[in-house]
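One structure below.
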Amino acid sequence: MINACIFDLDGVIVDTAKYHYLAWKELARGLSFDVTEKDNERLKGVSRMRSLEILLEIGKKDICEKTKLKYSDSKNKRYLEYILKMTPDEVLPGIIDFLNELISRDIKVALGSASKNAMTILNQIKLTDYFEVVIDGTKVSKAKPDPEVFLKGAEALGVKPKECIVFEDAEAGIEAALNGGFKCIGVGSPDVLGKADYVIHDFENITYNDILSKF
Ligand code: B16
Ligand code: MG
């Protein structure tokens, strides 16, 4: 019996990856190197500090912890400038219909995101009220692929992992869901998300029955 759904934010509900990319690119440019869109794929779903470390590996820069904090803060300030301009139009296609269907069927709904900016983004896109529970980067100590974010979400909803479907766009997130004993739907390309139980391209014209039929 499936009683609940947990949604990742970036890449599932909205495409904030493009703003992360712009902000990281500006930081890299200031350090005299460039990042490509392919590099950016490695930053999806991982924490802010781990993203910075991957970026510095790409640019072959070796810096001390104090400077890392300064760089991650400055990237986040730039990122905030982008997300504070977001509007509800940026919610990805099909998401609102799908959330409304879940709510009308009494399926519990939570958000499980690595982002410390998740509440700001939900407020910008006016989706806060859809989520009974929000577990974000401010509430976890272990990053995906550790299942902590989803386990805390399930616990707060009062459901067992096996009763819950996680929707994720990143490989690290799919691994986190499977490591926690959740059912998992990948959102994006099967080439990247092949470990998921099933992969959808996006939520356009997807009903809850379509998802249930995969389990
Ligand atoms: P922040 P998700 C993740 O969000 C992003 O995919 C990842 O690129 C980002 O580094 C991470 O949040 C932390 O974000 O800097 O805002 O705390 O996909 O888990 O919703
Ligand atoms: Mg994501």
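Quick look at the values:
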{"quantity": "Checklist (1) modelled with pLDDT of 95 or more; (2) within 16 Å of ligand 2 (Cβ to nearest atom); (3) crowded, with 20+ Cβ neighbours inside 10 Å applied to Leu43, failing item", "calculated": "(1)"}
{"quantity": "Residue satisfying all of: in segment 46-74; among the basic types (Lys, Arg) and within 9 Å of ligand 1 (Cβ to nearest atom); surrounded by the fewest Cβ atoms within 10 Å (Cβ to Cβ) among these", "calculated": "Arg50"}
{"quantity": "Of all residues making up segment 40-72, the number that are within 17 Å of the chain's Cα centre (by Cα) and among the charged types (D, E, K, R)", "calculated": "5"}
{"quantity": "Lys160 without any contact (Cβ under 8 Å) to a residue 40 or more places away in the chain and not small (Gly, Ala, Ser)", "calculated": "yes"}
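The values are calculated or read from the model by the stated rules, or taken from the named source; none is laboratory data. Note that this is a predicted model, so its numbers are computed, not measured. Cβ atoms come from the backbone with ideal geometry, glycine included; neighbour counts cover every protein chain shown.
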